[in-house]
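Step one of this worksheet: look at the structure below.
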Amino acid sequence: MQKTWFLMIIGIGLGACVQSREPSADLPDSKRLFAENCVACHGRKGQGDGKMAQHLFMPPPDLTALSANNGGVFPRNYVVSTMDGFARGEHFSGAMPEFGDKLKGRMVIMQTGEGVGTPTPAPLVALADYLESIQIK
């Protein structure tokens, strides 16, 4: 029990020392990750019109409208949790793969709000960065 508390305190201390992560060249190539993992269903532009979309029993969402559908704010935590497989509600068709195991990699600190950062695989953060970059204005 003492070891657990000690490790938690160390983790919190290290997290407080980390600067906010800015998009960086050391992240995996986000456009390539999107092409390899998302285009088949979501389409080249992320609008839900990929070649596999017509074969799914539920159409994939338009990924360019995530911010528009969230009051103009990109829902980064939700997006990363969805790709990872952590956030799966009733509205998921089951066609959306869980990429948590496939997109493992070097951990980076992702700001999750209110100054809280969480270690997150760099490929998931890179994909979220890409999705944020294609949002309709």
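List of remarks:
- Residue among 25, 40 that alone is at pLDDT 50 or above and within 16 Å of residue 107 (Cα to Cα): 25
- Selection from segment 104-125 of residues that are assigned to a loop (DSSP other than H, G, I, E, B) and modelled with pLDDT of 85 or more: 104, 105, 106, 115
- Restricting attention to segment 126-137, the residues that are part of a loop (DSSP other than H, G, I, E, B) and within 19 Å of residue 29 (Cβ to Cβ) total 1.
- Just one of (1) in contact with a Leu (Cβ under 8 Å, 6 or more places away or on another chain); (2) over 24 Å from residue 137 (Cα atoms) fails for residue 80. It is (2).
- For segment 44-65, the set of residues classified as touching a helix residue (DSSP H, G or I) at 6+ places or on another chain (Cβ under 7 Å) and surrounded by 17 or more Cβ atoms within 10 Å (Cβ to Cβ) consists of 46, 47, 48, 50, 53, 60, 63, listed by residue number.
- Cross-chain or 6+ apart pairs with Cβ under 8 Å, segment 92-112 first and of a type in the set (Lys, Arg), then outside any strand (DSSP E or B) and surrounded by 14 or more Cβ atoms within 10 Å (Cβ to Cβ): 102/37; 104/123; 106/122
- Identity of the residue in segment 66-87, closer than 19 Å to residue 31 by Cβ and in contact (Cβ under 8 Å) with a residue 60 or more places away in the chain, that ends up surrounded by the most Cβ atoms within 10 Å (Cβ to Cβ): 66
- Filtered residues of segment 37-77 (kept if farther than 16 Å from residue 134 by Cβ and over 15 Å from the mean Cα position of the chain (by Cα)): 40, 51, 52, 53, 54, 55, 56, 57, 58, 59, 71
The values are calculated or read from the model by the stated rules, or taken from the named source; none is laboratory data. Because the structure is a prediction, the values reported are computed rather than measured. Virtual Cβ from ideal backbone geometry, glycine too; neighbours counted across all protein chains shown.
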